[in-house]
Amino acid sequence: TTDGSSRIFGYDSRKIPETIKNKIGYISQENDLMRWMTVSQIVHYTKIFYDRWNDETCQELLEKFELSENDIVGNLSTGQAQRLAIVLSLSFNPEVLILDEPVGALDPEGRRSFLNTVLDISGGGERTILISSHITSDLERIADTVGILKDGRIQVETPMEDLKDSIKKLHIIPKSGIVPDNVIIPGLLKSVKERNFIMATVQNYSEGLKRSLENQYKADVEVFDLNLEEIFLSYHAT
């Protein structure tokens, strides 16, 4: 199924009043900016739709991103176009900014610059920024909270540090040298039987779990941290 629901500012996201839409900014990988306009023209066109538009903020952002009002939108680089999209989305001071795969078309340097910009515009926590991306290394750098989707359903939603503390890779090494065919581990996401140990990824890890596995399988248990990409793949392996 592709159907689902969400709420923002207490409203069903499919039935948002115009007054609430004025609080929400949106940037996608495909900006759909009108390429024949100049930067100045698209700014003036966009401001018509927002009661909260702030000309001073717009001008400051244009200068910050070194965008000339006389530039033709269609002549901008991918990175410049993304920055223009940020200008248009921030000039009405949204309380929520939604970024949908915003850096997929950028090279590594362009991504780094864009993410620095995201950090700059976060408003010290006064603005919520929701990022949808498959580039987990970028999210790991800037996200406070992370959610992982699989088949259209949220598998986990938690602060980044809590997630990384909870999900661990374990090497269970039986002292007898005999590796059991099956293991029962609370919170198991995936496991692989190697020649002389079992490699398992678990959620809700604790020192108590480690001790329990050591006793249950008469084994040494080695614990390894995972990065966000490894955690993401672990959830998608189940």
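Could you please find all residues in segment 1-54 being acidic (Asp, Glu) and free of Cβ contacts under 8 Å to residues at least 24 places away in the same chain?
Asp3, Asp12, Glu18, Glu30, Asp32
For segment 167-184, state whether one or more residues are within 18 Å of the chain's Cα centre (by Cα) and modelled with pLDDT of 90 or more.
Within segment 167-184, one or more residues are within 18 Å of the chain's Cα centre (by Cα) and modelled with pLDDT of 90 or more.
For segment 147-166, which residues satisfy the criterion of being loosely packed, with under 12 Cβ neighbours inside 10 Å, outside any strand (DSSP E or B) and within 15 Å of the chain's Cα centre (by Cα)?
Glu161
The values are calculated or read from the model by the stated rules, or taken from the named source; none is laboratory data. A quick note: this is a predicted structure, and the numbers were derived from the prediction, not measured. For neighbour counting, all protein chains shown are included, and Cβ atoms are generated from backbone atoms with ideal geometry for every residue, glycine included.
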